[in-house]
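The structure under discussion appears below in the form of structure tokens.
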Amino acid sequence: MSLDLLVRNATLPDGRTGQDIAIADGRIAAVQPGIAAEAGRVIDAGGHLVAPPFVDCHFHMDATLSLGLPRMNVSGTLLEGIALWGELKPLLTFEAVVERALRYCDLAVAQGLLAVRTHVDICDDRLLAVEALLHVKKTVAPYLDLQLVAFPQDGYFRSPTAAANLARALDLGVDVVGGIPHFERTMADGAASLKALCEIAERRGLLVDIHCDETDDPLSRHIEALAYETQRLGLNGRVAGSHLTSMHSMDNYYVSKLLPLIAEAGVAAIPNPLINITLQGRHDTYPKRRGMTRVPEMRAFGIEIGFGQDCTMDPWYSLGGADMLDVAHMGLHVAQMTAREAMRWCFDAVTVNPARIMHLDGYGLAPGCHGDLVVLQAKDPIEAIRLRANRLFVVRRGRVIAETPARIASLALPGRPAAVDPAAYAPKAG
Ligand SMILES: [Zn+2]
């Protein structure tokens with residue numbers, strides 16, 4: 001057997017050590033110790049963690065890297081961010097959106113992030129961002145999977161042309177139906193928008209991803225309507241509720257009814273820890289709410305959860321760097337998921353879980369999957385999160401597409417080894 005690539009001595013996210021990973025014809029051919037075969041390239045992982053690529057199931061690529069255009073968000077609130085984006089929208093050009101998106105994709109690849117679900121605002125009648133991101137999707141396809149969501153940022157009903165634009169965007173090839181019920185004029189309109197949007201998805205055979213209850217209002221209960229429509233239309237496993245931050249403020253008794261409904265409908269949850277911890281609770285004095293949805297409690301009900309990044313240097317968030325380990329790190333802290341098993345799960349929340357939510361084809365490290373992986377300068381998933389570990393090698397279809405040198409401190413102190421790998425600290429137990 002002649003291989004494209006052979007990765008030797010890998011530690012896998014499930015804890016298996018000393019594994020070799022063989023990739024032939026762009027697919028994983030074998031995962032086992034001691035593979036003897038010729039390969040175009042051999043990488044010695046040296047016992048480091050080898051994982052499937054990072055996946056971001058919630059992003060806004062039409063707005064990314066636009067920080068400061070046309071001005072900064074002074075209040076730091078969601079609503080000023082939406083207003084600011086409204087000022088920028090008419091100034092956008094096809095070329096500028098493409099250029100920023102491609103620059104972002106370069107950054108993503110360097111960070112081992114090879115699949116992104118991005119919402120794209122369809123409320124600009126020109127559908128300029130839609131056309132730009134469809135172009136980007138095709139351009140980056142050899143190295144990054146881009147999934148587009150038709151997102152009516154200004155409200156499916158509240159914006160007079162949103163319904164027609166959303167249909168046009170789907171006709172052009174946008175993959176997923178989006179929505180924003182809490183931004184409609186009334187709760188009733190919000191619920192009606194979910195009914196209409198889920199029916200569109202059902203008719204067209206598409207997935208759904210709703211910006212749902214991204215508010216501190218404990219009475220914002222669109223997730224209930226989303227679970228109801230999902231169940232009614234048989235869309236189980238095809239629908240995601242992004243943010244769900246109002247659940248953080250809801251009455252506990254009501255949540256005890258809501259969680260089983262979400263689980264029963266098979267609606268996935270997509271918290272966005274970086275943005276949720278900065279945007280929520282802005283109207284509070286003290287105590288100040290964290291705002292991120294109830295992650296451990298959802299997990300206990302078997303609800304699928306993927307952490308999203310949401311924003312990088314745009315009207316809503318002035319930081320970010322396509323680093324899904326940063327997202328996992330923040331999610332772990334905000335949800336207080338410090339048990340070792342829970343920390344390991346936070347790594348799944350930026351890899352295998354969002355891959356399932358996006359229905360990615362051939363994702364994973366099993367034989368037959370695409371030959372896509374990341375070699376991290378860490379010994380296990382917890383250490384990867386702790387160090388936001390270097391991506392030593394990023395592999396797509398058996399080809400190395402990005403490399404980062406290891407972080408090594410070269411010391412010449414008496415009694416110290418000449419080089420110290422900062423990733424080499426293993427816990428005593430656990
Ligand atoms: Zn968003």
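The values are calculated or read from the model by the stated rules, or taken from the named source; none is laboratory data. This structure is a prediction, so every number in the text was calculated from the model and none was measured. Ideal geometry is used to build each Cβ from the backbone, glycine not excepted, and the neighbour counts take in all protein chains shown. To get the accessible areas, we keep the full protein, side chains included, count just its heavy atoms, and leave off ligands, DNA and RNA. Shrake-Rupley method; radii C 1.70, N 1.55, O 1.52, S 1.80 Å.
One table, with the values for the structure above:
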| item | result |
| --- | --- |
| Every residue from the stretch 161-176 that is surrounded by fewer than 17 Cβ atoms within 10 Å (Cβ to Cβ) and within 15 Å of Cys57 (Cα to Cα) | none |
| Any chance Gly68 is out of contact with any Leu (no Cβ under 8 Å at 6 or more places or on another chain), away from the ligand (no atom under 16 Å from the Cβ) and under 30 Å from Trp85 (Cα atoms) | yes |
| Search result, residues across the stretch 96-131 that are part of a loop (DSSP other than H, G, I, E, B), surrounded by 17 or more Cβ atoms within 10 Å (Cβ to Cβ) and away from the ligand (no atom under 16 Å from the Cβ) | Gln111, Gly112, Asp124, Leu127 |
| In the stretch 177-193, the residues that are buried (at least 24 other Cβ atoms within 10 Å of the Cβ) and β-branched (Val, Ile, Thr) | Val177, Ile180 |
| Residue ID - modelled with the highest pLDDT, chosen from residues in the stretch 52-95 that are open to solvent by 30 Å² or more (accessible area, probe 1.4 Å) and among the charged types (D, E, K, R) | Glu95 |
| Pick from the stretch 312-336, criterion among the hydrophobic types (A, V, I, L, M, F, W, C) and in contact with a Cys (Cβ under 6 Å, 6 or more places away or on another chain), ranking: nearest to the ligand (Cβ to nearest atom) | Ala328 |
| The stretch 249-275: number of residues that are over 21 Å from Leu194 (Cα atoms) and without any contact (Cβ under 8 Å) to a residue 60 or more places away in the chain | 7 |
| Tally of residues being open to solvent by less than 10 Å² (accessible area, probe 1.4 Å) and either outside any loop (DSSP other than H, G, I, E, B) or not hydrophobic (A, V, I, L, M, F, W, C) (or both) across the stretch 40-51 | 4 |
| The stretch 325-348, residues that are out of contact with any Pro (no Cβ under 6 Å at 6 or more places or on another chain), part of a helix (DSSP H, G or I) and open to solvent by 20 Å² or more (accessible area, probe 1.4 Å) | Asp326, His329, His333, Arg340, Glu341, Met343, Trp345, Asp348 |
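Residue by residue, here is whether (1) buried (at least 17 other Cβ atoms within 10 Å of the Cβ); (2) at negative phi; (3) of a type in the set (Gly, Ala, Ser) holds:
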{"residue": "Ser246", "(1), (2), (3)": "yes, yes, yes"}
{"residue": "Pro260", "(1), (2), (3)": "no, yes, no"}
{"residue": "Ala268", "(1), (2), (3)": "yes, yes, yes"}
{"residue": "Asn272", "(1), (2), (3)": "yes, yes, no"}
{"residue": "His283", "(1), (2), (3)": "no, yes, no"}
{"residue": "Gly291", "(1), (2), (3)": "yes, no, yes"}
{"residue": "Pro296", "(1), (2), (3)": "no, yes, no"}
{"residue": "Ala300", "(1), (2), (3)": "no, yes, yes"}
{"residue": "Ile303", "(1), (2), (3)": "yes, yes, no"}
